[in-house]
Amino acid sequence: QVQLVESGGGLVQAGGSLRLSCAASGSILQINAMGWYRQAPGKQRDVVAVITSGGSTNYVGSVKGRFTISRDSANNTLYLQMDSLQPEDTAVYYCNAVIRTKLRYSWNDYWGQGTQVTVSS
């Protein structure tokens, strides 16, 4: 039993900042990679940033230099610091984690419920 709970979304003016959080809880044995994905109106869900268990990060080109992904492994929490936000960043943002539970040996993908980020011009 694993749950990802997101927070931090909202409405912000262009050039502003938001910080998203995603807390994983439940019968967690181990968390591998974690990431943030987003789905803009009329578009498919695409990766924004990922971070490995060792701290290595990757970003989609459009957010490089503006977004920072990080994790607090001790508390099973993922963050996305978003600076210099633009209207093109408007989307529903989803947390993803690859997790091995105490009851299952295999790795499985888990998703948060999504949080709305809206950037006005």
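The values are calculated or read from the model by the stated rules, or taken from the named source; none is laboratory data. Note that the coordinates shown come from a computational prediction; the quantities given were computed from them, not determined experimentally. So basically every Cβ, Gly included, is an ideal-geometry build from the backbone, and we count neighbours across all protein chains shown. Side chains included, ligands, DNA and RNA excluded: accessible areas come from the protein's heavy atoms. Shrake-Rupley method; radii C 1.70, N 1.55, O 1.52, S 1.80 Å.
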In the chain, carbon and sulfur make up what percent of the accessible area (probe 1.4 Å)?
-> 46
Accessible surface, per residue, of the stretch 1-102 when the full set of protein chains is kept, probe 1.4 Å, Å² | 49
Efficiency by 1/(1 + (r/R0)^6): what FRET value for Gln39 and Leu103, r their Cβ-Cβ distance, R0 = 22 Å, to the nearest 0.05?
-> 0.10
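Give the calculated FRET efficiency between Ala14 and Ser53 to the nearest 0.05, with a Förster radius of 35 Å applied to their Cβ-Cβ distance.
The value I calculate is 0.50.
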Put a dot 7 Å past each Cα toward the Cβ at Leu29 and Gln116; how far apart are the dots in nm?
-> 4.0
Go ahead and set up a Gaussian network model of the chain, Cα springs under 10 Å, then flag whichever of Gly54, Gly26, Gly42 fluctuates most.
-> Gly42
Considering Cα pairs under 8 angstrom that are at least six residues apart, work out the relative contact order of the chain and quote it in whole percent.
-> 36
Interchain or long-range residues, amide H under 5 Å from Ala33's placed H = Ser53, Val98
